[in-house]
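A.B. asks: Dumping the structure here so I can ask a few things about it.
The values are calculated or read from the model by the stated rules, or taken from the named source; none is laboratory data. Note that this is a predicted model, so its numbers are computed, not measured. Note: ideal-geometry Cβ built from the backbone for every residue, glycine included; neighbour counts use all protein chains shown.
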Amino acid sequence: MKPRAWYNAVRHAGAIALVLALASCGKGEVPLTTMAPKSDFANWIFGVYLEVIGWDTIVLIIVSGALGLALFRFSTRATDEFEPPKRSTEHLALEAAWTAGPAGILLFIAIPSILITFRSQPTMPPPDAMIVKVVAHQWWWEFQYPSLGITTANEMHLPVGKAVRLQLESADVIHSFWMPQLGGKRDVVPGHSNELTLTPNTPGYYYGECAEFCGTSHANMRFRVIVDTEDHFSDWKVHEEATSVMPARDASTGDPVALGAAIYANSPCTTCHTIAGVSSGKLAPNLTHFGRRTSMAGGMYDNTPKNVATWVRDPDKMKPGAQMPALGLTDEQASQLAAYLESLK
């Protein structure tokens with residue numbers, strides 16, 4: 001290779017490495033990676049990954065060694081006297097080796113993979129496991145806690161160190177539930193319930209998304225998993241179980257929260273959304289404690305008054321394909337409705 005070609009190759013490789021390094025730098029968020037497992041199930045998957053890499057490395061060394069031997073030990077020069085190779089019709093030991101070797105490697109990989117499949121889907125979950133029903137919608141996630149009487153959207157709270165049994169269902173089309181650092185992924189199929197059992201071992205925020213193309217806003221169907229300490233999970237549970245979300249307020253005083261409540265009560269939002277004591281819609285996310293969530297719009301944006309106001313004015317602009325009509329609000333009305341939604345804590 002000419003010096004100029006070497007220079008270009010090195011320059012391009014450096015540029016690619018720089019792009020990858022910059023792409024890995026975020027805003028301190030937990031990345032969508034399986035390389036930092038935070039549950040027992042994710043650790044099992046990571047262990048199999050390392051095992052596969054180990055076997056692949058052995059194969060690479062053997063193949064590279066054979067290639068090098070063929071190139072340097074048995075190669076000839078144009079000036080060398082040519083001798084035709086010895087003819088051989090069969091070599092039983094060699095044939096057995098290249099048949100048994102790959103078969104053995106596949107077996108060593110298959111056994112732990114199958115064991116993990118059964119360990120993550122036990123016939124009976126641990127007796128103290130917390131049941132969470134996950135319902136996939138276009139394009140958001142609903143999380144129901146049957147034993148607690150809690151329903152929330154796009155953010156799932158789990159207690160650290162406690163077994164969790166996720167029951168996965170779809171309300172419309174095929175989705176795929178994927179939370180890389182905690183384990184997955186699992187298809188979510190209409191008319192069929194899949195299950196996933198795991199125990200998170202490290203408190204923190206973890207990100208997930210739909211991993212099966214499901215329509216216009218598939219790439220925006222995200223969610224967050226918050227693994228809480230025991231005390232924080234108890235506090236969250238107490239707040240979520242409360243049905244009284246806001247004391248009565250007087251709209252005649254110009255209070256933006258009260259004005260926003262009136263806008264909500266007279267809008268089509270009530271037919272799709274649930275707010276305890278206000279509306280009982282079932283088609284869209286439950287908003288009873290919306291103000292306590294960290295994200296909105298299927299986990300796409302941080303839950304801030306500005307983002308909420310922009311969202312209620314024109315949802316489709318922020319999330320293409322959002323199945324929510326524009327309400328035709330003025331900037332002031334959107335801010336008032338956002339103030340009301342943010343007060344639902």
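A.B. asks: With the requirement that a residue be of a type in the set (A, V, I, L, M, F, W, C), surrounded by fewer than 14 Cβ atoms within 10 Å (Cβ to Cβ) and not in a loop (DSSP other than H, G, I, E, B), what does the range 109-127 give you? It would help to see each step written out before you state the result.
C.D. replies: Of the range 109-127, the ones of a type in the set (A, V, I, L, M, F, W, C) are 109-111, 114-116, 118, 124.
Right, trim to surrounded by fewer than 14 Cβ atoms within 10 Å (Cβ to Cβ) and you get 110-111, 114-115, 118, 124.
The answer is Ala110, Ile111, Ile114, Leu115, Phe118.
Yes/no matrix, rows are residues, columns are (1) in a strand (DSSP E or B); (2) more than 16 Å from the chain's Cα centre (by Cα); (3) at positive phi; (4) not hydroxyl-bearing (Ser, Thr, Tyr):
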residue	(1), (2), (3), (4)
Glu142	yes, no, no, yes
Leu148	no, yes, no, yes
Thr152	yes, yes, no, no
Met156	yes, no, no, yes
Lys162	no, yes, no, yes
Asp172	no, yes, no, yes
Trp178	yes, no, no, yes
Lys185	yes, no, no, yes
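A.B. asks: When residues of the range 154-163 are filtered for being buried (at least 22 other Cβ atoms within 10 Å of the Cβ) and farther than 24 Å from Leu287 by Cα, how many remain?
C.D. replies: Count: 0.
A.B. asks: What is the residue count in the range 221-259 for residues that are surrounded by 15 or more Cβ atoms within 10 Å (Cβ to Cβ), closer than 30 Å to Asp172 by Cβ, modelled with pLDDT under 90 and not aliphatic (A, V, I, L, M)?
C.D. replies: Within the range 221-259, residues that are surrounded by 15 or more Cβ atoms within 10 Å (Cβ to Cβ), closer than 30 Å to Asp172 by Cβ, modelled with pLDDT under 90 and not aliphatic (A, V, I, L, M) number 1.
A.B. asks: Would you say Ser280 is within 30 Å of Gln138 (Cβ to Cβ), surrounded by 16 or more Cβ atoms within 10 Å (Cβ to Cβ), assigned by TED's automatic domain parsing to the domain that holds Leu327 and modelled with pLDDT under 90? Reasoning before the result, please.
C.D. replies: Details: within 30 Å of Gln138 (Cβ to Cβ): yes; surrounded by 16 or more Cβ atoms within 10 Å (Cβ to Cβ): no; assigned by TED's automatic domain parsing to the domain that holds Leu327: yes; modelled with pLDDT under 90: yes.
No.
A.B. asks: Find the residue count for the range 325-343, including only residues that are at pLDDT 85 or above and either within 28 Å of Cys214 (Cβ to Cβ) or not hydrophobic (A, V, I, L, M, F, W, C) (or both). Walk me through it before giving the result.
C.D. replies: So in the range 325-343, the residues at pLDDT 85 or above come out as 329-343.
From what's left, either within 28 Å of Cys214 (Cβ to Cβ) or not hydrophobic (A, V, I, L, M, F, W, C) (or both): 330-333, 335-336, 340-343.
Residues that pass the stated criteria total 10.
A.B. asks: List every residue pair whose Cβ atoms lie under 6 Å apart, where the two residues are 6 or more positions apart in sequence or sit on different chains, the first residue falls within the range 131-147 and is over 10 Å from Pro285 (Cβ atoms), and the second residue, located anywhere, is among the small types (Gly, Ala, Ser) and buried (at least 18 other Cβ atoms within 10 Å of the Cβ).
C.D. replies: Within 6 Å, the pairs are Ala136/Ser170; Trp139/Ser217; Trp139/Gly298.
A.B. asks: Give me a count of the residues in the range 187-201 that are surrounded by fewer than 21 Cβ atoms within 10 Å (Cβ to Cβ) and assigned to a strand (DSSP E or B).
C.D. replies: Our first condition is that a residue be surrounded by fewer than 21 Cβ atoms within 10 Å (Cβ to Cβ); within the range 187-201, this holds for 187, 189-195, 197, 199, 201.
Among the residues that remain, those that are also assigned to a strand (DSSP E or B) are: 187, 190, 194-195, 197.
Within the range 187-201, residues that are surrounded by fewer than 21 Cβ atoms within 10 Å (Cβ to Cβ) and assigned to a strand (DSSP E or B) number 5.
A.B. asks: Any chance the range 174-181 includes a residue that's among the small types (Gly, Ala, Ser) and either modelled with pLDDT under 90 or surrounded by fewer than 18 Cβ atoms within 10 Å (Cβ to Cβ) (or both)? Walk me through how you get there before you give the answer.
C.D. replies: Within the range 174-181, the first condition is being among the small types (Gly, Ala, Ser), and the residues that meet it are 176.
Right, trim to either modelled with pLDDT under 90 or surrounded by fewer than 18 Cβ atoms within 10 Å (Cβ to Cβ) (or both) and you get none.
No; the residues of the range 174-181 include none that is among the small types (Gly, Ala, Ser) and either modelled with pLDDT under 90 or surrounded by fewer than 18 Cβ atoms within 10 Å (Cβ to Cβ) (or both).
A.B. asks: Need a quick list: helices (runs of 4 or more DSSP H) entirely within the range 272-345 having at least 1 residues that are over 26 Å from Asp172 (Cβ atoms) and out of contact with any Leu (no Cβ under 9 Å at 6 or more places or on another chain). Please lay out each step first, then the result.
C.D. replies: Values: elements: 305-313, 315-318, 331-342.
In the range 272-345, the matching helices (runs of 4 or more DSSP H) lie at 305-313, 331-342.
A.B. asks: Could you tell me whether any residue of the range 188-195 is modelled with pLDDT of 90 or more and out of contact with any strand residue (DSSP E or B) (no Cβ under 7 Å at 6 or more places or on another chain)?
C.D. replies: Taking every residue of the range 188-195 in turn, at least one turns out to be modelled with pLDDT of 90 or more and out of contact with any strand residue (DSSP E or B) (no Cβ under 7 Å at 6 or more places or on another chain).
A.B. asks: Sticking with this structure for a sec: Can you run down the residue pairs with Cβ atoms below 6 Å, 6 or more apart or on separate chains, where the first is in the range 299-319 and closer than 19 Å to His137 by Cβ and the partner is part of a loop (DSSP other than H, G, I, E, B) and among the hydroxyl-bearing types (Ser, Thr, Tyr)?
C.D. replies: Close Cβ pairs (under 6 Å, with a partner that is part of a loop (DSSP other than H, G, I, E, B) and among the hydroxyl-bearing types (Ser, Thr, Tyr)) amount to Asn303/Thr294; Lys319/Ser217.
A.B. asks: Continuing with this model, one more query. Can you find a residue in the range 128-138 that is modelled with pLDDT under 85 and either β-branched (Val, Ile, Thr) or assigned to a helix (DSSP H, G or I) (or both)? Give the steps one after another, and end with the answer.
C.D. replies: As a first pass, look at the range 128-138 and keep what is modelled with pLDDT under 85: none.
Within the range 128-138, none of the residues are modelled with pLDDT under 85 and either β-branched (Val, Ile, Thr) or assigned to a helix (DSSP H, G or I) (or both).
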